[in-house]
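In what follows, a structure is listed as structure tokens, so that the remarks can point back to it.
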Amino acid sequence: MKVNQDKHCPIVPNLLLGLAGGIEYLKVKKSSRNPKKEQVKTLRAILNYAKDSVYGKEHGFADILKAKSDSEFLKLYKKSVKPSEYESFRPYVNRMKSGESDVLFQGRPVLYATTSGSSGEPKWIPISKAYLGNIYGKMNKCWLFNFIHQKHGVYSGSIVSVVGKQIEGYTPDGTIYGSVSGFTQKNCPGFVKRLYSAPSCVFNNDDYTGRNYTIMRLGIERNVTLVVAANPSTMVEMQHNVDVWFDEYVKDIENGTLSDKVNVSEEIRKELAPMLKPNPERAQELRELKAKYGQVLPRHFWPNLQILTTWKCGNTKIYLDKLEGAYPEGMLHQEFAYFSSECRAGLVLDDSNETVLFPHFHYYEFKKAEEFDDPEAPFYELHELVPGHQYCPFVTTFSGLYRYNMNDVVEASAPLFGKTPRIHMVQKVNGIVTITGEKLYEGQFVNGVKEAEAQTGLKLNYFCGYANLQESRYDWYFEFEDKSVTQQQAQEFGDKVDSIIKGLNMEYASKRDSFRLKASAIYRLQENSFDNFKRAILEQTKQDASRFKPNVLSQNETNHGVISRFVL
């Protein structure tokens, strides 16, 4: 098969990654043997790194570090630094963006990762030199080594990796902001970079159809043995691109071209040109695959695929059914791990869905999920987690986040890694809903509706929204004050809400524009819908009416089913 011309000798990457990554793996094992001791050591290192910063001086890090015992040290830290949301850090981040040094940590950020926030402005997550070197340097080495540990031949072919845009722009002081995954891929070791089927320039394409086309046109020609994409919805969308554009891929592969039917800038085309060579033999193979199977799937065009790594926990499970049967038998589908822009907490180091937390890189605290809203509830240390129980994590990092609320619910699990519990993602906390990683805040939905009311003149008596995981969309329910509002008018109102939310939430906009998140379904509600909804829920659940406080936006299948009874 012509595809096999892309086979690589895995000796070099296996040797180099086995050495560098193997060392980091041993460090993880060592730190996990005594997480209680290692966590105190890590927190001391973080506070020492930041003690001369503005934040460190304001919160007395130097005095905290003088504590004689570990228990006194932890007590002083928790007394001096209160659990915080991102907005508490934004004023400090704004100072750094303007060029000020030594604000949240020593020096200035190397770059910023951007992600959606509760307000209209994105979160700007500073990435310090120490964080980049440890978390995205040493941890990546361990991650890449672990692939070899799972599948020895994983680097015998090419890698398809779907990452974000490396550079979205620059802060006032000239520091770049964008995707950390894109940044690290562009700056990875040369022997690994040579294995990627698509160069970093491909991810600078703002047109998602053109970007996905280019990724798959380059990838489908090759013998791919590793695929990396955080959200499985990405792979669902990639397969959709294959279904639509397969014949065009074949023409391009045969002729060594990149179709002019898709939107790809001349700058990107120029950079890709040296990579594109006529390959009529592979084109013929692909034609034969289509003639034989009709719908051509990854198990057909990537028969040697060793590992696919995506998220598999939380809401992403809904997409796994759509991938069922599409990939080669014997391939390992590995969980991507508990990971966010704010904190890459650890790695999955086996074929389970459980993340091994790294005690020597971050300091973790946890509240029991059922006590999340109780300000008097205790915090638990990493070594105190009980398998089977659910918690909300708070992290302290080398990048200037201190007792930062991740707004997640995770579950601790066994077996332990050394003496350290593992975790997996369950869901976002109430008030934040995510289907494809967009993290839509309830407040953003409310603001979108209120602004749409102001722009259209239409008024609502009641509204609510629910995540529809099966359809990869939100279902929005509106009870209009004017009973003569038509479905067409309701749809236009919903489109307005969608447009406003895009302006408030960059990740929502990205997921909508890339087709991973479908347009919301709009439903008109009957008169007195809230009263009828409340009555039905109370009858069904037998709960106290005084405690009935449903979220306006949520992922709650029971409530979703009830509100749908009152649609016009």
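FYI, it's all coordinate maths here, none of it is from the lab. No experiment lies behind these values; they were computed from the predicted model shown. Here Cβ is always computed from backbone atoms with ideal geometry, including for glycine, and neighbour counts include all displayed protein chains.
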Quiz item: Once Rh is set to the Kirkwood radius over Cα pairs, what Stokes-Einstein translational diffusion coefficient, in µm²/s, holds for the range 131-174 at a temperature of 37 °C and a viscosity of 0.692 mPa s?
Solution: 249
Practice problem: Putting +1 on Lys and Arg Cβ atoms and -1 on Asp and Glu Cβ atoms, find which of 383, 311, 176 reaches farthest to the positive end of the dipole of the chain. | Solution: 383
Quiz item: What number, in percent, do you get for the relative contact order of the range 167-292 if the mean sequence gap of Cα pairs under 8 Å and at least 6 apart is divided by its residue count?
Solution: 21
Quiz item: For the range 410-462, what is the convex hull (Cα atoms) projected area averaged across all directions, in square nanometres?
Solution: 5.3
Quiz item: Amide H of residue 357: which non-local residues (sequence gap of 5 or more, or other chain) have their own amide H closer than 5 Å, using H built in the peptide plane?
Solution: 423
Quiz prompt | Packing-based order for 68-76, 416-424, using average beta carbon neighbours within 10 Å, highest first | solution = 416-424, 68-76
Self-check item: Coarse-grained scattering of the chain at q = 0.05, 0.07, 0.11, 0.12 Å⁻¹, given as base-10 log I(q)/I(0) from a Debye sum over alpha-carbon atoms
Solution: -0.23, -0.46, -1.12, -1.29
Quiz prompt | Where labels lie 7 Å past Cα in the beta-carbon direction, separation of residue 414 and residue 324 in nm | solution = 3.1
Quiz item: Counting only residues 5 or more places away or on other chains, whose amide H sits under 5 Å from the amide H of residue 464 once H atoms are built in the peptide plane?
Solution: 477
Quiz item: How do the peptides 245-257, 220-232 rank, highest first, by the average count of neighbouring beta carbon atoms within 10 Å per residue?
Solution: 220-232, 245-257
Self-check item: Value at 222 nm in deg cm²/dmol, rounded to 500, when DSSP H runs of n ≥ 4 in the chain each add -39,500 (n - 2.57)
Solution: -11500 deg cm²/dmol
Quiz item: Which translational diffusion coefficient, to the nearest whole µm²/s, is obtained for the range 411-548 from the Stokes-Einstein equation, given a Kirkwood hydrodynamic radius over C-alpha pairs, 37 °C and 0.692 mPa s?
Solution: 193
Quiz item: Order of 517-527, 482-492 by packing, highest average Cβ count within 10 Å first?
Solution: 517-527, 482-492
Practice problem: Write down, largest first, the equivalent ellipsoid semi-axes of the range 1-107 in whole Å, where each equals the square root of 5 times an eigenvalue of the alpha-carbon gyration tensor. | Solution: 40, 23, 12
Quiz item: How big is the range 321-468 by the Kirkwood estimate over distinct Cα pairs, in Å?
Solution: 17.7
Quiz item: Share of antiparallel DSSP beta bridges in the chain, in percent to the nearest 5?
Solution: 65
Practice problem: Towards the positive end of the charge dipole of the chain, with charges on Cβ (+1 Lys, Arg; -1 Asp, Glu), say which of 262, 465, 134 has the farthest Cα. | Solution: 134
Quiz item: Leaving out same-chain residues fewer than 8 places away, which lysines sit with a Cα under 18 Å from that of residue 123?
Solution: 97, 165, 428, 439, 502, 511
Exercise. Please report Rg over Rh for the range 236-372, where both radii come from the alpha carbon positions and Rh follows the Kirkwood definition.
Key: 1.10
